[in-house]
1. E125: away from the ligand (no atom under 16 Å from the Cβ) and under 17 Å from the mean Cα position of the chain (by Cα), yes or no?
2. Considering only segment 56-80, how many residues are assigned to a helix (DSSP H, G or I) and more than 16 Å from the ligand (Cβ to nearest atom)?
3. Could you please let me know if V40 is assigned to a strand (DSSP E or B) and modelled with pLDDT of 95 or more?
4. Do we have L145 as of a type outside the set (V, I, T), within 30 Å of R282 (Cα to Cα) and in contact with a strand residue (DSSP E or B) (Cβ under 9 Å, 6 or more places away or on another chain) here?
5. Among the numbered criteria (1) within 23 Å of V50 (Cα to Cα); (2) surrounded by fewer than 22 Cβ atoms within 10 Å (Cβ to Cβ); (3) of a type in the set (A, V, I, L, M, F, W, C), which one does V183 miss?
6. For the subset of segment 97-111 comprising residues that are within 21 Å of V40 (Cβ to Cβ) and in a loop (DSSP other than H, G, I, E, B), which member is least open to solvent (accessible area, probe 1.4 Å)?
7. With the requirement that a residue be touching a residue at least 60 places away in the same chain (Cβ under 8 Å) and open to solvent by less than 10 Å² (accessible area, probe 1.4 Å), what does segment 223-242 give you?
8. Being out of contact with any helix residue (DSSP H, G or I) (no Cβ under 9 Å at 6 or more places or on another chain), over 14 Å from I121 (Cα atoms) and open to solvent by 20 Å² or more (accessible area, probe 1.4 Å) narrows it down to one of E28, E94, E72, E86, so name that one.
Amino acid sequence: MSAQPVLVLVPGVAGGGTHAMPYAVAEEAAAQLTVIDLGVTRGDGVFETVGVFDGAPQNLGPHLQRLARSAEMLELPAPDLDILEEAFALAVHEHADVPELSVRVVMTRGNEGSGRPSAWIHARESVDWSRERAGIRVAALSRGLPSTVVADAPWLLAGAKTLSYAGNMAAVREAKRRGADDVLFVSTDGYALEGPTSTLLVRHGEAFSTTPVSAGVLQGTSVASAFALLAAEGASTGERLMTPAEVAASDGAWLLSSTRLVAPITHLDAQELPQDPELTARLLDHLRGR
Ligand code: PLP
């Protein structure tokens, strides 16, 4: 057990049973990748970030299935999900007990020309999200793509969770320059999409909506869990294209994701949104598996 981050390398990620050790704990601080790994040189790979709360991974199955879908969209070898699940459990087991772990599962195309993916699992203690869980200011920023991008330009891999997040991180820096904490991406045809690392949830009365996956957003595991809770409480849930003006005029909006969990939007640009701390707390408890 250690309070340090834990790294598990997964050389057997593509299965085939040729690896005596399909996964093993490795030195987190030591060099593990080569400079010709296509994950490094081209951001050519896929990943997932899974929240582990009081030792219990949330939505691990849906995360690994989404990793497999992203890999398929990039024409990467299919990951062996049983091996990844075992390697994931090892990483969590080896980490010191902490309330909130953030565990990244990464698979790249590997060394250029090798045809063998690189994969690893990295578990570390989550940052303190308490401020964001109380409320965030969000800037609406163009993603520069239409809501028809999936059909028009599938090679842009909209909806795949690839390692190419430099643009998403640049958008967060732009939001910060504008005095906001986070971003709501907007399509060129004027629809609210998602955050750079989160899914939009919007309330109109007892109806809760999120962006259709067909608009090129990532299929969120957290919003699926939130919908399960809301539906069980009698609310209606579904996908709907919404403009930023509709979001700003709604009865409440949140950005959902697997480690920050629930961040209520207090302001969308200059517009203030209604708050429901009691519902936010219920969503938070549900998403952390309580
Ligand atoms: N959208 C994007 C672009 C993301 O990167 C993420 C999470 O990382 C999400 C949405 C939220 O997905 P999940 O709830 O599965 O964490």
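The values are calculated or read from the model by the stated rules, or taken from the named source; none is laboratory data. Please read all numbers here as calculations on a predicted model, not as lab measurements. Counting neighbours? That spans all protein chains shown, and the Cβs are built from the backbone with ideal geometry, glycine included. Ligands, DNA and RNA are excluded from the accessible area calculation, which covers all protein heavy atoms including side chains. Shrake-Rupley method; radii C 1.70, N 1.55, O 1.52, S 1.80 Å.
1. Details: away from the ligand (no atom under 16 Å from the Cβ): yes; under 17 Å from the mean Cα position of the chain (by Cα): yes.
Yes, satisfied.
2. 1
3. When the stated conditions are applied, V40 does not pass them.
4. The answer is no for L145.
5. (2)
6. Looking at residues that are within 21 Å of V40 (Cβ to Cβ) and in a loop (DSSP other than H, G, I, E, B), I get G110.
7. Passing the criteria: only A226.
8. Among E28, E94, E72, E86, only E72 is out of contact with any helix residue (DSSP H, G or I) (no Cβ under 9 Å at 6 or more places or on another chain), over 14 Å from I121 (Cα atoms) and open to solvent by 20 Å² or more (accessible area, probe 1.4 Å).
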